[in-house]
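Please read the structure below before turning to the comments.
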Amino acid sequence: MINRFALVFSMLILLIGSIACGQNAIGKAVGDSGNSDSAIGTSNVAESIQESTKEKRADLQTEVKTLADVSEAPVGVFNRLWSDPPTLDPHLTSDTTSAGVVVEIFGGLVGFDTSLRLIPDLADSWDISNDGLTYTFKIRNNAVFHDGTKVTAEDFKWSLERAVNPDTASPTAKTYLGDIVGVAAVLEGKSSEISGVKAVDDSTLQIVIDSPKAYFLAKLTYPTAYVVDRNNVSVGGLNWTDSPNGTGPFKLSDYKIGERIILERNDLYHLDKAKLAKIQMNLAGGSSMAMYENDEIDITGVGLFDLERIKDPVDPLNGDLVVADPGYSVNYIGFNVQEPPFDDSKFRRALNHAIDKELIAKEVYSDLVVPAYGILPPGFPGFNEQLEGLRHDPVLAKKLLSESKYADPGTRPRIVITIPGTGGTPGLDLEVIINMWLETLGVEVEIQQVEWATYLKDLDEEKFQAFGGLGWEADYPDPQDFLDILFHSESENNHGLYSSQKADILLQDARIETDLVKRIDLYQEAEKIIVNDAAWVPLWFAGERHVLIKPYVKGYELTPMTISKMRYVYIED
């Protein structure tokens, strides 16, 4: 196996390129999200909204001038390589490529700072009832949309109801808003209003949840809970995100598909205003390292080919190198456990044990990734150092295969793993893994590629027999964001349709457990069940991240999650 692996490795290593920072992950999916934009309302509704807001907008012009009082003029343009986002609609966002743009244009009640502390956003304060069920938010007096229209509690109520309306077809509404009383009724088409959401007055929003949950506030940082402008959505129709009227630190200035996205500073932003004048995202592609060296972009990841060179103190780019802690993400291969042959746990476990992750991590990735045998990444709350997982054991792999329903190749169905892509070469690791399955088990696997936005749409609809080429990045630092969202039998993000009654009970108990130690114990017990059932093939946790950042770029933080952070960045002369 070593010799054949070496041949595969020698071909695959040629394909290692530079990493474009922050583009591909699911939890945003490490990958991208693909659902077409949708709007609620008819032209008549849009006309009535326009009429009702004319006076409101006119009255605010004087106030807007006051809000636009900017003590420091923005300086400089930040250039980076990016990819076309599948959507700019926050209520449809389920991937990091989209989220990386959306979090800068829009905002919600609360957010995270670059230290991952929960901070006020459009709400400047909130109270939680003694029973932990009722959250009362106060909207900031200076909270306005990009056009100067004041943000009200009613705007949030409408936005949350739009997000869960079946016509919106949000792939994330149930996951991130399902704790709110009345959301299920709207999702099922039984109501148009969320009974647990009330606009008490223009500046007071009340949200009631179904049981006390420690992570509920953190869930509201996800784009599904962001506010959107009703007039903007209704008048703009399906194309409303061409000119989104957001609330974030930047506003969309220009978007040419396959060419560029340009964001400009929002001078009416309610928090500390951005220090950059513009962010320019190059969507045309290319070698990020070459573009960085040619001063076309200001940031790039460092690929394996360049890493040794860049680490050399003599190299002129060595001073630009930043080494960051690992991100909160995991890459994996998923199975639809309701489809043959993945409906047999012994077959799934055999595939897991046949993979030598340590060898791949060393020989293919030069130890820049950490082999994953669990779900929760190192450093993340609840990470279990004692979890053994399904380690490389070819003897056990063959034994499990012989005991499975699909021991006889003649009874084994065709196996296809679908990955995102448009005809390029599959991931470095996947070809080696497929080769290991063939050599160790005699199991043949084909690869099918699907364009990214379509891939995410089909993933949400559980169309794949098996799926790879993606990962999951944390949306908030709580084990619930991985284990419950990805593996509870009723979760809309359980794309492999995994179901375990024992795991479900543990995850449900953990939702409402107030003792932190007991919560962690429940999650770790659930993780053991999920891992030993081989619901996935966990592949890699991120290792240290090696990034080049131009010396004139200041304030750019390499956070382990996708959050709004570009307002902190500035260009130093």
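Bear in mind that the values in this text are calculations on the coordinates, not laboratory data. As the structure is a computational prediction, the values presented were derived from the model and not from experiment. When we count neighbours, we look across all protein chains shown, and the Cβ atoms used for this are built from the backbone with ideal geometry, even at glycine.
Note on the range 532-561: residues that are outside any strand (DSSP E or B), in contact with a Leu (Cβ under 8 Å, 6 or more places away or on another chain) and crowded, with 18+ Cβ neighbours inside 10 Å total 4. Count of the range 468-488 residues, restricted to those that are in contact with a helix residue (DSSP H, G or I) (Cβ under 6 Å, 6 or more places away or on another chain), hydrophobic (A, V, I, L, M, F, W, C) and outside any helix (DSSP H, G or I), is 1. Among the conditions (1) assigned to a helix (DSSP H, G or I); (2) within 13 Å of His91 (Cα to Cα), the only one that Asn231 does not satisfy is (2).
No other residue among Ile529, Ile520 is of a type in the set (Val, Ile, Thr), out of contact with any Gly (no Cβ under 8 Å at 6 or more places or on another chain) and part of a helix (DSSP H, G or I) apart from Ile529. Given the structure, is Leu456 in a helix (DSSP H, G or I) and touching a Gly at 6+ places or on another chain (Cβ under 8 Å)? Judged against the criteria, Leu456 is a match. For the range 498-549, taking the residues that are of a type in the set (A, V, I, L, M, F, W, C) and in contact with an Asp or Glu (Cβ under 7 Å, 6 or more places away or on another chain), the one that is nearest to Asn384 (Cα to Cα) is identified as Leu522.
Tallying residues that are over 20 Å from the mean Cα position of the chain (by Cα), in a loop (DSSP other than H, G, I, E, B) and either among the small types (Gly, Ala, Ser) or within 15 Å of Glu473 (Cβ to Cβ) (or both) within the range 361-380 yields 1.
Could you tell me whether Leu368 is free of Cβ contacts under 8 Å to residues at least 60 places away in the same chain, buried (at least 18 other Cβ atoms within 10 Å of the Cβ) and of a type outside the set (Val, Ile, Thr)? When the stated conditions are applied, Leu368 does not pass them.
Within the range 399-433, the set of residues being in contact (Cβ under 8 Å) with a residue 60 or more places away in the chain, out of contact with any strand residue (DSSP E or B) (no Cβ under 7 Å at 6 or more places or on another chain), β-branched (Val, Ile, Thr) and not in a loop (DSSP other than H, G, I, E, B) comprises Val432, Ile433. Which of the following residues is part of a loop (DSSP other than H, G, I, E, B) and within 25 Å of the chain's Cα centre (by Cα): Val330, Val337, Val323, Val314? Exactly one residue qualifies, and that residue is Val337. Taking the criterion of being surrounded by 14 or more Cβ atoms within 10 Å (Cβ to Cβ) and either in contact with a His (Cβ under 8 Å, 6 or more places away or on another chain) or part of a helix (DSSP H, G or I) (or both), the residues of the range 381-398 that qualify are Leu390, Arg391, His392, Asp393, Pro394, Leu396, Ala397, Lys398.
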